[in-house]
Amino acid sequence: MHPLMMGSLSWIEYQQRLQEENLVVLLPCGALEQHGPHLPLGTDALLSTAIAQGVAEQINGVVAPVISYGYKSQPKSGGGQSFAGTTSLDGTSLIQVVRDVLRELARQGAARIVVVNGHYENQWFLTEGIELAIREVGGADHLRVMRLEYWDFLTDDILNCVFPDGFPGFALEHAAVMETSLMAHYHPKLVRLDRIPDVPPVNFPPYDTFPQRSEWVPASGVLSSAKAASAEKGELMADHVVKGIAAAIQTEFQLSLQPPSSHQPAASL
């Protein structure tokens, strides 16, 4: 039993947590999407969950099970839909899933929820799901939600340390230095450093075409090289991001700093 992970709690233990003053529930959102030959398909879900857990430890929150499927991969930010394993939702499907999950969490008593997005293409569909959920449960008096993309908490000084030769931009960082370093920090056994392709950043045209043009994307699926990635860079970014998100949540929800959870499993009935 992990007191911060909703999926490992019994319903009695979770109900007890819901009674806590100022409890925050974090909902990670990822995707099942190619991340080159060196990272797993579940990278976005794994990273959003790891970061959410780190934040929950800071504020003594609870992490709901991750939404593992995301909106369709786009060539200029994720390589597109042509790769084996990239398994995506239509926008309307993602909206409804997010709406339903938030509505259910609110029905059970969660009043403060943070949606932690780990997939570039998700954000506006998450926003629509959040707004529909708030409308259904009766407005902000009953449910307050933050939505964030964890990479937005990487400040210029951190980016300069991680990218001394220049930052290529978040869209091209798909399966590159940032995600590979974070995975090397959180899940080193899932990273295959010897399989990282040495490729220059892709130069995409300033428009999109439909159907998607798979020939725009390198065969590896990598949009910028991850050769400069390291677990040390991942640790630097993870620590900065987790502290920044925790501080933002405390400010937005006016929370006092919580000590680490000391919850024990409930006695057998």
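Just so you know, all these numbers are worked out from the coordinates, no wet-lab data involved. Since the model is a prediction, treat every value here as computed from it, not as a measurement. Cβ placement follows ideal geometry from the backbone for every residue including glycine, while neighbour counts extend to all protein chains displayed.
Summary of values
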{"quantity": "Electrostatic dipole magnitude of the chain [Cβ: Lys, Arg +1; Asp, Glu -1; Cα centre; debye, to 20]", "calculated": "420"}
{"quantity": "When the chain is reduced to its Cα atoms, the Kirkwood hydrodynamic radius in Å", "calculated": "19.2"}
{"quantity": "Cβ charges +1 (Lys, Arg) and -1 (Asp, Glu), total dipole of segment 81-130, debye", "calculated": "240"}
{"quantity": "Charge-dipole axis of segment 6-252 as Lys and Arg at +1 and Asp and Glu at -1 on Cβ define it, positive-most pick from 250, 113, 65", "calculated": "65"}
{"quantity": "Whichever aspartates and glutamates have a C-alpha closer than 16 Å to that of residue 243, once near sequence neighbours (fewer than 8 apart) are set aside", "calculated": "57, 149, 152, 156, 157, 235, 252"}
{"quantity": "Packing rank of 105-116, 16-27, where each peptide gets the mean count of other beta carbons within 10 Å, highest leading", "calculated": "105-116, 16-27"}
{"quantity": "Under the span-like rule (Cα at least 30 Å along the axis, Kyte-Doolittle mean at least -0.5), DSSP H helices of the chain", "calculated": "231-252"}
{"quantity": "Amide hydrogen neighbours beyond the local backbone of residue 89, cut-off 5 Å, H modeled", "calculated": "70, 71, 72"}
{"quantity": "Amide H partners (placed H, <5 Å) of residue 26, local residues excluded", "calculated": "62, 63, 64, 114"}
{"quantity": "Per-peptide average of other Cβ atoms within 10 Å, ordering 91-99, 30-38 highest first", "calculated": "30-38, 91-99"}
{"quantity": "Sequence ranges 190-197, 51-58, ranked by mean other-Cβ count within 10 angstrom, highest first", "calculated": "51-58, 190-197"}
